[in-house]
Amino acid sequence: HWRVSNKPTRILNSQRNDIRGGAQQQQSATLEGLKNSLASALATGCSKTLLAPLDTIKTIQQHERATGASLSLFQAAQLVMSRPNGFRELYAGLGVAVIGSMPSAAVYFGVYAYCRRVIAPWLER
């Protein structure tokens, strides 16, 4: 007598579930990567905006030091504020800094989050 077994069917169902689980894990990892990309880009933009005045003042101090003069933080701030555009001069170059920083931070942290979700379970096996 030949006996028919359920084992092949169970194996196929198990493989189907693994494939579905893998697709869901892939989608979850992609979503996690996109969330981290957006969050890191926005955080980078905010930090660049908040720190732009200090960066401008530091640049003025370094420039003056290279020419032989030494300015304190307050003196460098006064020098920047005495320019024709005043307060807006503190944010000179902000657009370029943000446009240059946001995409690189987004890619870096997005790829990190994606790889963490995809590779970590694979390494635990």
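Assign unit charges at the C-beta atoms only (+1 for Lys and Arg, -1 for Asp and Glu), then state the dipole size of region 14-125 relative to its Cα centre in Debye, rounded to the nearest 20. Walk me through the intermediate numbers first.
Working: 11 positive and 6 negative charges, 49 e Å.
Magnitude of the dipole: close to 240 debye.
Run the 1.4 Å probe and let me know the accessible area of ARG83, rounded to the nearest 10 Å².
90
Once the Cβ-Cβ distance between TYR108 and GLN62 is put in as r, and R0 is 30 Å, what FRET efficiency do you end up with, to the nearest 0.05? Walk me through the numbers on the way to the answer.
Working: r = 27 Å, r/R0 = 0.90.
FRET efficiency, TYR108 to GLN62: 0.65.
Put a dot 7 Å past each Cα toward the Cβ at LEU38 and ASP55; how far apart are the dots in nm?
Rounded to a tenth, the inter-label distance reads 2.4 nm.
If you count only protein heavy atoms and use a 1.4 Å probe, how large is the accessible surface of THR59, to the nearest 10 Å²?
The accessible area of THR59 comes to roughly 70 Å².
If I stretch the segment between SER82 and THR30 completely, what's the gain in nm (0.36 nm per residue apart, minus their alpha carbon distance), one decimal? Spell out each step's value before the answer.
Working: separation 52, 0.36 × 52 = 18.72 nm, distance 4.92 nm.
Contour length minus Cα-Cα distance gives 13.8 nm.
Using a 1.4 angstrom probe on the protein heavy atoms only, could you order VAL98, VAL80, VAL118 from most to least accessible area?
Largest to smallest exposure gives the sequence VAL118, VAL98, VAL80.
Can you give me the % of accessible surface on region 54-125 that is carbon or sulfur? Probe 1.4 Å, all protein chains present, nothing else counted.
Details: 3400 of 5280 Å².
Ligands and nucleic acids excluded, carbon and sulfur reach 64 percent.
Ignoring everything but the protein chains, give the 1.4 Å probe accessible area of CYS46 in square angstrom, nearest 10.
My reading of the accessible area for CYS46 is about 80 Å².
The values are calculated or read from the model by the stated rules, or taken from the named source; none is laboratory data. Since the model is a prediction, treat every value here as computed from it, not as a measurement. Cβ coordinates were reconstructed from backbone atoms using ideal geometry, including for glycine residues, and neighbour counts include every protein chain displayed. Calculation scope for accessible area: heavy atoms of the full protein, side chains included, ligands and nucleic acids excluded. Shrake-Rupley method; radii C 1.70, N 1.55, O 1.52, S 1.80 Å.
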